[in-house]
Every structure is written in structure tokens, then in C-alpha cells.
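Encoded as C-alpha cells, the structure appears first; notes follow it.
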Amino acid sequence: MSKPQSIAERLSNQGFNRRDFLKFCGITATVMGLPPAVIPQIANALEKTPRQSVIWLSFQECTGCTASLTRAHAPTLERLIFDHISLDIHHTLQAASGEAAEQIRKQAMKDNQGNYLLIVEGSIPIGNPGYSTIAGMSNKDMLMEVAKDAKAIIAVGTCAAYGGIPHAYPNPTGAVSVEELITNKPIVNIPGCPPIPVAIAGVIAHTVTFGTLPELDSLKRPVTFFGQNIHDRCYRRPFYDKGLFAESFDDEGAKKGWCLYKLGCKGPVTSNTCATEKWNAGVSFPIESGHGCLGCSEPNFWDAGSFYKALSVPTGDFAQTAGYALAAGAAVGVATGLLNKKKKGDAAKNHETVTINDLDRKQQ
């Protein structure tokens, strides 16, 4: 068997010169949120690194995460995902089917034993294995088999990371997340319904380039993309600080782009990169389109209460999972607006909703 090509060699064979290669390294650094000073290190790594074998399994999901990835707006990201890794198995994108697909999966596992990257999309139903099967195997059995010799696992999307919508009450399939079944492998969670493409690509880029996983928070999410909440990076934040809130989706405040907090926006308690990376080639994101954040990258977001009710102190599993606390700073933002519009007595009476802080996400 011939020696696997390095990423640099593959780029060279496709007509990239040295200048193109260094530009590629620079864009890769940007994707991973790294400073320009690390570009030489990235170049050195890519010159020596063979293409990473990737096995992508699709379980109980809507395929939205794959759809998100295929819509990555930067061509360099698409090249990174589809040209510079060896995507050996992907249940949605692969041409093979039936027995041929299973043979390819088993061969990829054998040829790259202990060195392949496993990406999982979707939750795993364990209440009744027959809810979702592939080639006669339950999702759980296939996950356990493939995870056994993987060097690391990336759980893409809220379903894989936390169980997602299938896990929502009453959870008829007994859906669970990847980390509830796999406890002996490094795992990265990239939640979102679906995740932003650059977050998926960035984690893969980091893993391929450095051979290690990126820095993670307590929920196993990459800090580069989930280190801040949406609220702190939202372009509507100045209106929040001034106490200017839309009261309905069609009032004057909404038309002027005022804060959507009172309409149920979960930006203050949702960590994600939506406000900076955005969607559709960086054109927009839900808040910019006039709808509040649903908090889809947080555990149990579907059961956390109404999407259209202003945040208050959470109760039940949502509070226990996220470890929320009251936020004096957030409360001040709402109170300021009320005091500007009404007398102090009315403000105290009307200010019944207390906001939540931006979480340090440390599980108890």
C-alpha cells in the first residue's frame, strides 16, 4: 500500500502553489480563531499530516446538520471537509448503499484502527432499538462498534450532543446523547439545531492540523465558538442596555431593531457564535431576521419553557443542567428601560421578570 498523501501534497497535486498553500493555512487559522503567529506551525503540521480518516454516522436526526455543513460559504472550508480529509463513510452523502456501504465502513475501521475520527449526527434511541436501525443494526450497537477503535468523537448537533428534540418530553424513543453511552473516549460537542458550519469545520481543522482536540468548556463544547453568549455579541445589545425593547413582533420597537428580550429571546443564556459568524454566507442570523434566539445550542432547550416568554429564573432539568444564577447586570438593563419610561413606582411594579446571567457553565 502506498504511503498516504499529506494534506500539503494533495493541495500541490490539485495545482496549489506555495503561496496558495500558505493562504490556505491562514484561512485555516482564522476558522479556528487562532492568531496569525501560528500560521507557520499550521503549515508545518499540514506538510506532514496525512489525510484524516472520518466516519460519519447518522442516527435519529433530521439531516439538518449535514445540510448545514454542505452550505459552508467559504470554498476553503468545503475543500477542507471534502478534499483534505478522507470522508470514508457518510450515510447521507455517500454513493454506496446496502452491503457495499457496510463493507466500506468495516474496511475503513480496519485500515485506520485507533486513528479514525468518528462524527455522530443524531441522538441514539435506547428505549426500543427498532426505532432506528442501519443494516439491521440498532443505532446503539453501531455506535458502540464504531466508537471502540475511534481516536476521538465529535457529536454534531444538539441531538447528538444532548439528545435534542427526540429527547424532549415524553421522549418516546428513549433518546440519549453520545456521551451518555460513550464514557471512555475524547468527545467534542458541537450543539445547535443545526450548528453553524464554521464551528463544525473549525473543530475538524484543529483536530487534523494539531492532532489534538480544541479547548473545551464544561459541556465539552469548543471555547472558540461557544465561549461567549449570543447576548454579549448581539448587535441589538446597545438597545438592551438602554432599556429599549420590542413589545410585539410588529410594533415600532421591532421595526427599529430594538432588543427582543421581552419577546422571549434566549440570547442571554445561550452560548454560540451565531451573532458573529451568522448564516447564509454571513448574511444574517435569527435575531437579525427579527426573531429571538430559541437557545437551541443549550441542553433541554425544547423543554425549557415558552420560546416567546421573557426569561425568568428557570426550574427543573434546565436549571440543573445549565447551573443558572440570577444576573444583576442583566436585570439592570431591563430596569433602566422601565425607569426611563415610567415612574419608579410603576417600574418596580412592572419589572417582574428577572434575567439570567451568561453562565460560567460549570456543572455541579
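For (1) modelled with pLDDT under 95; (2) touching a helix residue (DSSP H, G or I) at 6+ places or on another chain (Cβ under 6 Å); (3) in a strand (DSSP E or B); (4) farther than 16 Å from ILE196 by Cβ, each residue gets a yes or a no:
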{"position": "GLY243", "(1), (2), (3), (4)": "yes, yes, no, yes"}
{"position": "CYS293", "(1), (2), (3), (4)": "no, yes, no, no"}
{"position": "SER306", "(1), (2), (3), (4)": "yes, no, no, yes"}
{"position": "SER312", "(1), (2), (3), (4)": "yes, no, no, yes"}
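Among the residues of the range 129-160, those identified as without any contact (Cβ under 8 Å) to a residue 40 or more places away in the chain and in contact with a Leu (Cβ under 9 Å, 6 or more places away or on another chain) are MET144, ALA147, LYS151, ILE153. Does any residue of the range 174-182 turn out to be charged (D, E, K, R) and more than 30 Å from PHE24 (Cα to Cα)? Yes, the range 174-182 has at least one match.
When you check SER58 against the structure, is it at pLDDT 70 or above, under 30 Å from LYS106 (Cβ atoms) and in contact with a strand residue (DSSP E or B) (Cβ under 7 Å, 6 or more places away or on another chain), yes or no? Yes. Of the residues contained in the range 137-148, one or more are found to be in a strand (DSSP E or B) and more than 19 Å from CYS62 (Cα to Cα).
Would you confirm whether or not the range 176-185 contains a residue that is out of contact with any Ser or Thr (no Cβ under 8 Å at 6 or more places or on another chain) and crowded, with 24+ Cβ neighbours inside 10 Å? Yes: the range 176-185 contains one or more residues that are out of contact with any Ser or Thr (no Cβ under 8 Å at 6 or more places or on another chain) and crowded, with 24+ Cβ neighbours inside 10 Å. Looking at PRO194, PRO214, PRO170, PRO238, can you tell me which residue is surrounded by fewer than 17 Cβ atoms within 10 Å (Cβ to Cβ) and not in a helix (DSSP H, G or I)? After applying the criteria, what remains is PRO170.
The single residue among ILE153, ILE124, ILE119 that is in a strand (DSSP E or B) and out of contact with any Phe, Trp or Tyr (no Cβ under 9 Å at 6 or more places or on another chain) turns out to be ILE153. Being without any contact (Cβ under 8 Å) to a residue 40 or more places away in the chain, touching a Lys or Arg at 6+ places or on another chain (Cβ under 7 Å), over 21 Å from ALA205 (Cα atoms) and of a type outside the set (A, V, I, L, M, F, W, C) is a property that does not hold for PRO170.
The values are calculated or read from the model by the stated rules, or taken from the named source; none is laboratory data. Computed from a prediction, not measured in an experiment: that's the story for all the values here. Ideal geometry is used to build each Cβ from the backbone, glycine not excepted, and the neighbour counts take in all protein chains shown.
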